[in-house]
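The values are calculated or read from the model by the stated rules, or taken from the named source; none is laboratory data. In this text the structure is predicted, and so the values were computed from the model without any measurement. Don't worry about glycine lacking a Cβ; one is built from the backbone with ideal geometry, like all the others, and counts go over all protein chains shown.
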Amino acid sequence: MAVKLALLRSGEQVIADIKELVNDEGKVVTLVFTNPYTVQFLTAELLYEEVSNEIEEINHRVSFSPWLPLSVDKNIAVPTDWIVTIVEPNEWVKSSYEKKMNSTTEGIVNKELPISPEYKNVEVLSEETNG
């Protein structure tokens with residue numbers, strides 16, 4: 001699985017298994033997003049604040065929402081001109097996404113992620129989908 005995080009021209013951040021679809025000449029025709037979800041920080045502030053020699057820890061929350069939730073398609077072609085950039089997601093975001101994809105239960109609040117120390121106060125929420 002090549003899980004990547006794509007920033008679209010619309011401003012959406014989409015996490016998915018992203019593959020290139022190439023023509024006979026090896027030119028990329030389009031990208032195919034498999035099981036795409038939008039990812040959003042639910043926390044407004046992303047920095048630690050220092051208060052009298054102690055670091056005040058800020059709890060961070062991330063939500064996953066199905067991208068194009070009204071579609072039954074799991075593989076969606078995205079024109080390359082709609083992509084601003086594709087990057088490697090943070091490990092805790094990637095593992096959370098993979099755990100969600102491997103799970104058959106929807107609507108779980110996931111608090112058991114292997115999160116690196118700088119993100120130890122991150123809570124990942126999965127929104128319920130009807131299906």
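One table, with the values for the structure above:
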quantity: Where a residue in the stretch 74-92 is among the hydroxyl-bearing types (Ser, Thr, Tyr) and its partner, wherever it lies, is assigned to a strand (DSSP E or B) and loosely packed, with under 12 Cβ neighbours inside 10 Å, with Cβ under 7 Å and at least six apart; calculated: THR80/VAL28
quantity: Counted residues, the stretch 23-44 - those being in a strand (DSSP E or B) and in contact with a His (Cβ under 8 Å, 6 or more places away or on another chain); calculated: 1
quantity: Residue within the stretch 106-125 that is at pLDDT below 85 and small (Gly, Ala, Ser) present; calculated: yes
quantity: Qualifying residues in the stretch 1-22 (those that are acidic (Asp, Glu) and part of a strand (DSSP E or B)) - the one nearest to the chain's Cα centre (by Cα); calculated: ASP17
